[in-house]
1. Before we move on, is ASN245 outside any helix (DSSP H, G or I), out of contact with any Lys or Arg (no Cβ under 9 Å at 6 or more places or on another chain) and within 25 Å of TYR125 (Cβ to Cβ)?
2. If you go through region 109-143, how many residues are touching a strand residue (DSSP E or B) at 6+ places or on another chain (Cβ under 9 Å), loosely packed, with under 15 Cβ neighbours inside 10 Å and farther than 24 Å from ALA219 by Cα?
3. From (1) open to solvent by less than 10 Å² (accessible area, probe 1.4 Å); (2) of a type in the set (Ser, Thr, Tyr); (3) more than 27 Å from HIS160 (Cα to Cα), pick out the condition that doesn't hold for THR238.
4. So which helices (runs of 4 or more DSSP H) are wholly in region 51-142 and hold at least 2 residues that are among the small types (Gly, Ala, Ser)?
5. Quick check on my filter: what residues within region 228-240 are more than 19 Å from VAL215 (Cβ to Cβ) and either part of a loop (DSSP other than H, G, I, E, B) or hydrophobic (A, V, I, L, M, F, W, C) (or both)?
6. Search region 183-197 for residues that are open to solvent by less than 30 Å² (accessible area, probe 1.4 Å) and pair each with any residue that is near the ligand (Cβ under 10 Å from one of its atoms) when their beta-carbon atoms are under 7 Å apart and the residues are at least 6 apart or on different chains.
7. Among the residues of region 1-18, count how many are more than 9 Å from the ligand (Cβ to nearest atom) and either open to solvent by less than 10 Å² (accessible area, probe 1.4 Å) or touching a residue at least 60 places away in the same chain (Cβ under 8 Å) (or both).
Amino acid sequence: MEKNKILITGGCGFIGSYVVSMLVNTPYKIFVLDNLSTGQKENIPLDRVSLTVCDIRSEEAYEYIKVLQPNYVIHLAAQIDVQTSMQEQPYDADINIMGTLNVIQACKDLPNFKKFVFASTAAVYGNNTDLPLTECSTTTPTSPYGQSKLVGEQYLALVHELYRLPYATLRFANVYGKKNHSANDVITNFWRRLVQDKSPEIFGTGNQTRDFIYVEDIARALIEAINVFPCGVYNISTNEQTSINKVLGIMNDLLGNDIPVKKLPERPGDILDSCLANDKFVKHTNWLPEETIHSGLVKTIIGTNNQLKVGVK
Ligand SMILES: NC(=O)c1ccc[n+]([C@@H]2O[C@H](COP(=O)([O-])OP(=O)(O)OC[C@H]3O[C@@H](n4cnc5c(N)ncnc54)[C@H](O)[C@@H]3O)[C@@H](O)[C@H]2O)c1
């Protein structure tokens, strides 16, 4: 029997490379489509994966998918930087809306197509403070990035209604793990400064909380999602609030640091607390987050802090 084909767009990136490394030990035939704008081909085992370097917005990508006829698509390729989305809204929309639509259109009439898994984000909820947020909570994005992801979600749901394209949209909480040194999330920022013996910076009191989820738990959820029913939207999170101060305390312990914190004024627009309910995905799959914030930070930091020093000015 022919193996099922799975296409991962953005498979050379942070989350995608974990998905690929988990899938290489399964019976799927793995294909990656990536323009290498932020990802690197060294992130995936090229002897076991077929990589096509092209842009999700292109005619070439559309034709490639039509000819390949994957059974599953995990769509990760995106413009993911909130600041870039603020400064270059058309660019963000072009990739996250038009690029996503191009991939969806290519899949919509494929024979034996089984599931389109779309990587979305808690940013679609904006400043909604009605915690924990469920998939039914109001979506009011406060950034062009959150807006473009929400439009991508809505197109996918519409194509499902019109053409019965099977799909699952996963809204990720704050994903952390071993990222490249240019990443701009709170954990990478702490880490970058701590390994340079610089004071970590906290905006506001540090009592603000986030729902931090380790990248391997996200990658497992994306793979579980290819079999999830019913089609629809699912939060992927730990369902726990962890304060920024607690994260820094754990990182200080792991790195053996005691550098005084630099407190900066609260940033306008920053949300105070965030937490996503994951009950729906847990109910419909065998997935549970495995890592606590402590065990996830151990995996993130141990044996990898040298990598962050590379490229740090
Ligand atoms: N990292 C997070 O905290 C987080 C949180 C919520 C949602 N997400 C979503 O998860 C997905 C993966 O994020 P990531 O953190 O791995 O980002 P990443 O930037 O590391 O990976 C994105 C990958 O997509 C590729 N890519 C970008 N634009 C492309 C284009 N136009 N055509 C083809 N390939 C393109 C990049 O080269 C890269 O390999 C994204 O859709 C993102 O919105 C990430």
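The values are calculated or read from the model by the stated rules, or taken from the named source; none is laboratory data. Note that the coordinates shown come from a computational prediction; the quantities given were computed from them, not determined experimentally. Neighbour counts are summed over all protein chains in view; Cβ atoms, including those assigned to glycine, are modelled from backbone coordinates with ideal geometry. Protein only, heavy atoms only, side chains kept; ligands, DNA and RNA dropped before computing areas. Shrake-Rupley method; radii C 1.70, N 1.55, O 1.52, S 1.80 Å.
1. Criteria not met by ASN245.
2. Residues flagged as touching a strand residue (DSSP E or B) at 6+ places or on another chain (Cβ under 9 Å), loosely packed, with under 15 Cβ neighbours inside 10 Å and farther than 24 Å from ALA219 by Cα within region 109-143 amount to 1.
3. (1)
4. none
5. VAL228, PHE229, PRO230, CYS231, VAL233
6. ILE187/TYR176; THR188/LYS179
7. 5
Residues are listed down the side, and each one gets a yes or a no for (1) modelled with pLDDT under 95; (2) more than 28 Å from ASP270 (Cβ to Cβ); (3) outside the structural domain of PHE14 (by TED's automatic domain parsing); (4) open to solvent by 20 Å² or more (accessible area, probe 1.4 Å):
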residue: GLN40; (1), (2), (3), (4): no, yes, no, yes
residue: ILE44; (1), (2), (3), (4): no, yes, no, no
residue: CYS54; (1), (2), (3), (4): no, yes, no, no
residue: ALA61; (1), (2), (3), (4): no, yes, no, no
residue: TYR64; (1), (2), (3), (4): no, yes, no, yes
residue: TYR72; (1), (2), (3), (4): no, yes, no, no
residue: ALA78; (1), (2), (3), (4): no, no, no, yes
residue: ASP81; (1), (2), (3), (4): yes, no, no, yes
residue: ILE97; (1), (2), (3), (4): no, no, no, yes
